[in-house]
Amino acid sequence: MADKKYLFFNRELSWIEFNARVLSEAENADVPLFEQLRFLSIVTSNFDEFFMVRVASIMRQNWKQPEQTDICGYTANEQLQKISARVHELTNTQYKCLHEQILPKLSAAGIEYVPGAKLLPAQKNYAETFFINEVFPLLTPMKADPDNFPHLTNLRLHAAFLLNPIVENEPTVFSGNGNKTPFAIVQIPTPMQRIIWLPSADDKKYFTLLEDIILEFGTLLFQGYSVKETLIFQITRDADSSVDEDRDNDFIQAMEEVIEKRKSSFPVRMCSNNTSPMIRDFLMQNLMLNKESVYETSDFVDLTVLNELYSLQEYSEYKYKPWKHFKPQELAGTIPWDVLKQKDILLHVPYESYEPVEKFLSKATEDPDVLAIKITLYRTSGHSPIIKSLERAAKKGKHVTAFVELKARFDEQQNISWASRLEQAGVIVIHGIANLKVHAKLMLIIRKEIDGIHRYVHLSTGNYNDETAKFYSDLSIFTSKNEIANDATLFFNMITGYSAILTMKKLAMSPVNLKSKLISMIDREAQLSTPDNPGLIMAKMNSLGHEEVIRALYRANAKGVNILLNVRGICMLVPGVKGQSENITVVSIIDRYLEHSRIFYFQNAGDEELYLSSADWMPRNLDKRVELMFPVTQKDIVAHLKNMLSTFFADNVKAHKLTCSGSWVRKKAEPKKELIRAQEVFYNEYKSLFDSHKNENPKEFTVRRSH
């Protein structure tokens, strides 16, 4: 152990355990069938990104600094070994769940998977006709030999064929290359759906996979050859490359080069079925992958295909019952400026509709008294109403500034497109800050009124993305408080131009003072804690992995502070260790909505403080990104958020508790105790408020908050 005083969990292994919790929802028989499908798919897509970014980074470290160790004392090679072992375990569990739970349940629900080898005559005739007419023209068979191995695009599914000449010594396209064992590779066409529905003679729906059909009839691609063996596989490549920050004059082109480079960077993983060890070994040799980097399954090589089943509309009884997104009363059908002069407004999506954010900007766009709009954009949707409003505002002559973070991983291309569109509309677009990502979520509206200039601010824990707002749980505040507005103005001045670091009175910003403020508040809680009145910290976040913050929490633990942490993903803090963390509890909630909000509460000897933030307690957030943490001071909102935190820690249906061994144990209700599912509690609270207001005024579909 690298540190003799304190214990830490490894970052990567902790993240893998997050996916184990997601997988446990797929295995949970109480979860509706199609939601189980979705959780299986999420695990696959999560691991795709994990290997592209994190595993690739560790592999690179293993080449360059093999002796370097992490906080747990593991070298890069040791981490790779542990990652491989655990991911292989989870992959086996994932496919066991698919075959022993999901597919039998699908069959009982009237949906049957038919592998290519088990197609009935009528189904086979249909599949062959479909292949010849629809698939065959799209395919490009490629020779594959050590001297002429084809490029394999990242995360694309491929079919590999081991061939045999029908007539020995017959001249062929393979002649002269010395390859006595002809291999060919075919990329599975991406424009086509992978689920292929088959004719049915009964009430059931039957499907096979596009790759099954290609394997079954692929021999038609290779005239003069028979197919001896086949394999379906997928390569995951390094996507951890970073942009050249020095190319200020051509930054967009530099970003486009990074995006292009991902398609052909070094391989880090191969997923395949288990039908041909010979083809598998051939691919491993030519891709320079070892056995630990190969993940074999029996079929369904890429489980994201399950999303195609989830999208079926006629099986709603096998999905979660739809939850409405209620409209908050305070901003419904009103002029927001008048409301915000009186009080702050809290918005909690997706329980509440995202519409108030869109209307806040839309009203600013149409209001002739609004002079300027400033906003940070990290991830937006493909048809973003936010972008459209910004374009309209600029065309109306308003002074519009948008900070578009081009380095938002895997959204770079879309953000480049948005930046170009906004610039064409007349928006002042700032592309980025060298060596830092701007991850803060902030909108500032500047309006000329009778008594002078007024500013209105929206601060959020989540992105300005109307699509993810339907299933990401996030919190945001609308306010017109002068000190917040002043800080917001200073913030934009700092990130858009040349400016010294300016002191903000209410907002804390990383990498300037957010981390130090957090640590000082944790240390303050320790100093104020007494045996008769122990301190209390409650915090909710996505990930916890910053060594300095964890050490501060350990120090607070030693002073008797009760620390309750709700951490969705990575947690490197080890709870429940005597003399280190016996007063620290860590829970994680995986449910129908992705928990994305960050809430930090400090008891402060009765003078309690509560903050919302865009930042997790991770090195990247506190040291390498521009983030914001903002205080919540309005008493009713503080009480609401404090109660929300307590509900998260009371959850005994969807919560897991972290043990000192690193395992997560699902919390269960004690006998005769009430079942508490936090997300359901929140939904029912908003529904109750909605129903109450509906009875008062049935023509309005909005939520009234209690104050």
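Please go through (1) part of a loop (DSSP other than H, G, I, E, B); (2) surrounded by fewer than 19 Cβ atoms within 10 Å (Cβ to Cβ) for R524 and return the number of the only condition it doesn't satisfy.
It is condition (1) that R524 fails.
Select the helices (runs of 4 or more DSSP H) contained entirely in the range 225-336, then report the ones holding at least 1 residues which are at pLDDT below 75 and surrounded by fewer than 20 Cβ atoms within 10 Å (Cβ to Cβ). Lay out the reasoning, then the answer.
Working: elements: 251-262, 277-287, 306-310.
Filter on the range 225-336 gives 251-262.
Yes/no per residue for (1) part of a strand (DSSP E or B); (2) in contact with a helix residue (DSSP H, G or I) (Cβ under 9 Å, 6 or more places away or on another chain); (3) modelled with pLDDT under 85:
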{"position": "R421", "(1), (2), (3)": "no, yes, yes"}
{"position": "M443", "(1), (2), (3)": "yes, yes, no"}
{"position": "I446", "(1), (2), (3)": "yes, yes, no"}
{"position": "R455", "(1), (2), (3)": "yes, yes, no"}
{"position": "E483", "(1), (2), (3)": "no, no, no"}
{"position": "F491", "(1), (2), (3)": "no, no, no"}
{"position": "M494", "(1), (2), (3)": "no, no, no"}
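Can you pull out every residue in the range 192-208 that is in contact (Cβ under 8 Å) with a residue 12 or more places away in the chain and either assigned to a loop (DSSP other than H, G, I, E, B) or of a type in the set (K, R) (or both)? Write out each step before concluding.
Narrowing the range 192-208 to residues in contact (Cβ under 8 Å) with a residue 12 or more places away in the chain: 192-196, 198-199, 201, 203-208.
Result: M192, Q193, R194, P199, A201, D203, K204, K205.
Yes or no, residue by residue, for (1) assigned to a helix (DSSP H, G or I); (2) acidic (D, E):
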{"site": "Q123", "(1), (2)": "yes, no"}
{"site": "A127", "(1), (2)": "yes, no"}
{"site": "F131", "(1), (2)": "yes, no"}
{"site": "E134", "(1), (2)": "yes, yes"}
{"site": "F149", "(1), (2)": "no, no"}
{"site": "A159", "(1), (2)": "no, no"}
{"site": "L162", "(1), (2)": "no, no"}
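Scan the range 350-387 for residues that are crowded, with 19+ Cβ neighbours inside 10 Å, outside any loop (DSSP other than H, G, I, E, B) and of a type in the set (S, T, Y) and jot them down.
T365, T376
Take the range 582-614 and flag every residue that is without any contact (Cβ under 8 Å) to a residue 12 or more places away in the chain and part of a loop (DSSP other than H, G, I, E, B). Step through it out loud before you land on a result.
Applying the first criterion (without any contact (Cβ under 8 Å) to a residue 12 or more places away in the chain) to the range 582-614 yields 606-607.
Result: D607, single match.
Does V561 satisfy the criteria of being in contact with a Leu (Cβ under 6 Å, 6 or more places away or on another chain) and either within 30 Å of S41 (Cα to Cα) or not hydroxyl-bearing (S, T, Y) (or both)? Step through it out loud before you land on a result.
Working: in contact with a Leu (Cβ under 6 Å, 6 or more places away or on another chain): no; either within 30 Å of S41 (Cα to Cα) or not hydroxyl-bearing (S, T, Y) (or both): yes.
No: the conditions fail for V561.
Kindly indicate which of D623, D607, D691 is closer than 23 Å to H348 by Cβ and not hydroxyl-bearing (S, T, Y).
Numbers: D623 fails: closer than 23 Å to H348 by Cβ; D607 fails: closer than 23 Å to H348 by Cβ.
Only one candidate qualifies: D691.
For residues that are modelled with pLDDT of 90 or more and of a type in the set (D, E), scanning just the range 659-701, find the one that is farthest from L573 (Cα to Cα).
For the range 659-701, the residue satisfying everything is E685.
Going through the range 110-132 one residue at a time, which ones are free of Cβ contacts under 8 Å to residues at least 40 places away in the same chain and either among the polar types (S, T, N, Q) or in contact with a Ser or Thr (Cβ under 6 Å, 6 or more places away or on another chain) (or both)?
N125, T129, listed by residue number.
Being touching a Leu at 6+ places or on another chain (Cβ under 9 Å) and within 20 Å of V626 (Cα to Cα) is the filter here, so list the residues in the range 517-541 that pass it. Reasoning before the result, please.
Filtering the range 517-541 down to residues touching a Leu at 6+ places or on another chain (Cβ under 9 Å) leaves 518, 522, 525, 529, 535-541.
Residues satisfying the conditions are L518, K540, M541.
The values are calculated or read from the model by the stated rules, or taken from the named source; none is laboratory data. If you're wondering where the values come from, they're calculated on a predicted model, not measured in any experiment. Heads up, the Cβs are rebuilt from the backbone with ideal geometry, glycines too, and the neighbour counts pull from every protein chain shown.
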